[in-house]
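Peer 1: Pasting in a structure now, in structure tokens, and then I'll have a few things to ask.
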Amino acid sequence: MMKLLKSDFLMGGFLKMHNRSYIKKIIFDSLIGILLFVYFPFHFNFKISNLIIVFLITFISDNIDVKWKNHNRLVSNVPGFLIAYLYGPQYIFAASLITLFRLNEINSLRRIRKFLVYFFMYYSSYVIVNFFDLNIYTKLFLYISLSKIINSLMVDIKTFGIKLFIIEYIFFIASLPSIYLYLLSQNIIVKYYFLFQNLLFLGIYYFITKYIYEKEEEEIKNKRLNRFNAIMLEFSNLLYSYSIKASKEFILKEAAKFLNEKFGYKYILISEFDYEKDLIKRVSYSGFSSEEFKKLKARKVKASEIINEVFKDNYRYGEVYFIPNIAERLDKNDYFYLNKI
């Protein structure tokens with residue numbers, strides 16, 4: 001078995017650099033947030049009923065974990081900030097504070113940055129829109145559009161993708177009809193229904209994005225499986241042709257080389273288990289230098305330890321084990337190939 005590991009020193013250095021980068025972003029976002037408030041101040045007078053509505057809708061929507069391709073978390077708190085826009089800038093600030101209490105496990109630095117980003121993107125959009133003498137419906141449209149653009153500039157500028165931007169912007173825009181109907185309605189019960197209707201739409205949006213991701217993943221898996229089957233058929237033919245006329249060592253060497261080339265793995269290490277001596281014997285390789293392989297062979301590795309720690313039933317598919325990255329739970333000095341052997 002083989003695994004490339006970074007040293008604890010390098011990982012610690014990476015985390016420190018990451019935190020420093022985050023702190024710089026927080027300082028910058030704080031400065032522009034303070035400047036925004038200084039030049040465009042607002043009062044902190046709240047109506048309790050309005051505050052409760054903003055709290056409920058922002059908190060619920062912000063905790064619905066909508067993801068694009070199960071990786072990029074989309075901005076889901078639009079319903080709360082649309083209502084905050086109607087109630088006034090102080091409610092935009094309150095809604096931003098609510099995002100600090102998102103239920104998923106993120107560290108304090110990320111919580112603070114999210115609060116600052118949300119406050120700036122929504123409040124700056126509010127300020128810009130209210131410079132223009134437009135009707136409320138047009139203002140809401142511009143408010144949502146500017147918020148999304150500013151969000152992309154602040155968060156996604158380095159990894160910007162037009163498809164992701166459009167998917168997220170569609171949700172932003174799709175939140176508007178309920179607010180328009182709220183403004184047009186006269187009945188108080190109907191008005192409150194339209195306020196909360198976007199939460200229902202957000203749930204539908206969540207399942208749609210999840211379905212799209214799962215469908216694409218299924219297609220990718222099928223393509224990989226077909227490629228895997230084709231390679232394994234070729235591999236079986238290779239082994240059969242060699243088994244008649246070649247030695248075991250030659251066959252294993254060719255097998256390692258074949259897997260290295262066809263699957264694209266940087267390193268291939270083939271080992272035998274000696275259950276009587278409770279040892280693992282390194283028999284063939286590809287991708288290593290001969291010196292590195294000699295050092296690997298010199299290591300005494302207990303077969304029982306690897307079987308108990310690594311080869312678990314939940315990693316097994318037929319006669320093959322697909323083992324995840326579990327390096328942190330194992331003794332790297334025993335059987336993991338490091339950057340320098």
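The values are calculated or read from the model by the stated rules, or taken from the named source; none is laboratory data. Predicted model, so just to flag it, every value in this text is computed and none were measured. Please note: Cβ atoms are built from the backbone with ideal geometry, for glycine as well, and neighbour counts cover all protein chains shown.
Peer 1: Scan 148, 163 and give me the residue that is buried (at least 18 other Cβ atoms within 10 Å of the Cβ), assigned by TED's automatic domain parsing to the domain that holds residue 77 and not aromatic (Phe, Trp, Tyr).
Peer 2: Result: 148 is the single residue among 148, 163 that is buried (at least 18 other Cβ atoms within 10 Å of the Cβ), assigned by TED's automatic domain parsing to the domain that holds residue 77 and not aromatic (Phe, Trp, Tyr).
Peer 1: A further question on this structure: For residue 103, indicate whether it is over 25 Å from residue 47 (Cβ atoms) and in a loop (DSSP other than H, G, I, E, B). Steps first, please.
Peer 2: On the way: over 25 Å from residue 47 (Cβ atoms): yes; in a loop (DSSP other than H, G, I, E, B): yes.
So residue 103 fits the description; yes.
Peer 1: Show the residue pairs meeting these rules: Cβ distance below 6 Å; 6+ apart or different chains; first residue within the range 181-196 and assigned by TED's automatic domain parsing to the domain that holds residue 141; second residue assigned to a loop (DSSP other than H, G, I, E, B).
Peer 2: 191/185
Peer 1: Let me ask something else about it. Identify all residues within the range 91-106 that are free of Cβ contacts under 8 Å to residues at least 24 places away in the same chain and more than 21 Å from residue 66 (Cβ to Cβ); write none if there are none. So that I can check it myself, show each step before the final result.
Peer 2: Taking the range 91-106 and keeping what is free of Cβ contacts under 8 Å to residues at least 24 places away in the same chain, we get 97, 100, 105-106.
Answer for the range 91-106, where residues must be free of Cβ contacts under 8 Å to residues at least 24 places away in the same chain and more than 21 Å from residue 66 (Cβ to Cβ): just 97.
Peer 1: Now a separate question. Please return the ranges of helices (runs of 4 or more DSSP H) entirely within the range 127-197 where 1 or more residues are within 21 Å of residue 115 (Cβ to Cβ). Lay out the reasoning, then the answer.
Peer 2: On the way: elements: 136-155, 162-174, 176-184.
Where helices (runs of 4 or more DSSP H) fall fully within the range 127-197 and carry at least 1 residues being within 21 Å of residue 115 (Cβ to Cβ), they are 136-155, 162-174.
Peer 1: Might you check whether a residue that is assigned by TED's automatic domain parsing to the domain that holds residue 85 and either at positive phi or touching a residue at least 60 places away in the same chain (Cβ under 8 Å) (or both) occurs anywhere in the range 124-132?
Peer 2: First, the residues of the range 124-132 that are assigned by TED's automatic domain parsing to the domain that holds residue 85: 124-132.
Narrowing further to those that are either at positive phi or touching a residue at least 60 places away in the same chain (Cβ under 8 Å) (or both): 124, 127.
Yes, the conditions are met somewhere in the range 124-132.
Peer 1: With respect to residue 305, is the statement that it is surrounded by fewer than 15 Cβ atoms within 10 Å (Cβ to Cβ) and either out of contact with any helix residue (DSSP H, G or I) (no Cβ under 8 Å at 6 or more places or on another chain) or more than 30 Å from residue 167 (Cα to Cα) (or both) true? Please lay out each step first, then the result.
Peer 2: Values: surrounded by fewer than 15 Cβ atoms within 10 Å (Cβ to Cβ): no; either out of contact with any helix residue (DSSP H, G or I) (no Cβ under 8 Å at 6 or more places or on another chain) or more than 30 Å from residue 167 (Cα to Cα) (or both): yes.
No: the conditions fail for residue 305.
Peer 1: I've got another one for you. When you go through (1) closer than 26 Å to residue 59 by Cβ; (2) in contact with a strand residue (DSSP E or B) (Cβ under 9 Å, 6 or more places away or on another chain); (3) aromatic (Phe, Trp, Tyr) one by one for residue 258, which number turns out not to apply?
Peer 2: (1)
Peer 1: Let me ask something additional. Of the conditions (1) crowded, with 22+ Cβ neighbours inside 10 Å; (2) over 25 Å from residue 192 (Cβ atoms); (3) within 18 Å of the chain's Cα centre (by Cα), residue 121 fails just one. Which one is it?
Peer 2: Failed condition: (3).
Peer 1: One residue is enough: does the range 265-275 have a residue meeting the conditions touching a Gly at 6+ places or on another chain (Cβ under 9 Å) and basic (Lys, Arg)? Walk me through how you get there before you give the answer.
Peer 2: Initially, the range 265-275 is screened for residues touching a Gly at 6+ places or on another chain (Cβ under 9 Å), giving 265-269.
Remaining after also requiring basic (Lys, Arg): 266.
Looking for residues that are touching a Gly at 6+ places or on another chain (Cβ under 9 Å) and basic (Lys, Arg), one finds at least one in the range 265-275, hence yes.
Peer 1: Which residue, of 74, 103, 97, is surrounded by fewer than 16 Cβ atoms within 10 Å (Cβ to Cβ) and in contact with a Phe, Trp or Tyr (Cβ under 7 Å, 6 or more places away or on another chain)? Outline the logic, then answer.
Peer 2: On the way: 74 fails: surrounded by fewer than 16 Cβ atoms within 10 Å (Cβ to Cβ); 103 fails: in contact with a Phe, Trp or Tyr (Cβ under 7 Å, 6 or more places away or on another chain).
That would be 97, the only listed residue that is surrounded by fewer than 16 Cβ atoms within 10 Å (Cβ to Cβ) and in contact with a Phe, Trp or Tyr (Cβ under 7 Å, 6 or more places away or on another chain).
Peer 1: Tell me, which residue of the range 274-314 that is small (Gly, Ala, Ser) and farther than 21 Å from residue 251 by Cβ is farthest from the chain's Cα centre (by Cα)?
Peer 2: Let us first name the residues in the range 274-314 that are small (Gly, Ala, Ser), namely 284, 286-287, 289-290, 298, 303-304.
Cutting the leftovers down to farther than 21 Å from residue 251 by Cβ gives us 289, 298, 303-304.
On the way: 289: 36, 298: 40, 303: 36, 304: 36 Å.
Here the residue is 298.
Peer 1: Now, a different point. Look at the range 38-56 and say how many of its residues are part of a helix (DSSP H, G or I), loosely packed, with under 15 Cβ neighbours inside 10 Å and of a type in the set (A, V, I, L, M, F, W, C). So that I can check it myself, show each step before the final result.
Peer 2: Looking only at the range 38-56, we keep the residues that are part of a helix (DSSP H, G or I), and these are 38-39, 48-56.
Of the ones still in play, those that are also loosely packed, with under 15 Cβ neighbours inside 10 Å are 38-39, 48-49, 52.
From what's left, of a type in the set (A, V, I, L, M, F, W, C): 38, 48, 52.
Number satisfying all stated conditions: 3.
Peer 1: Given the conditions (1) outside the structural domain of residue 282 (by TED's automatic domain parsing); (2) surrounded by 13 or more Cβ atoms within 10 Å (Cβ to Cβ); (3) of a type outside the set (Gly, Ala, Ser); (4) within 30 Å of the chain's Cα centre (by Cα), report the number of the one that residue 260 does not fulfil.
Peer 2: Answer for residue 260: the failing condition is (1).
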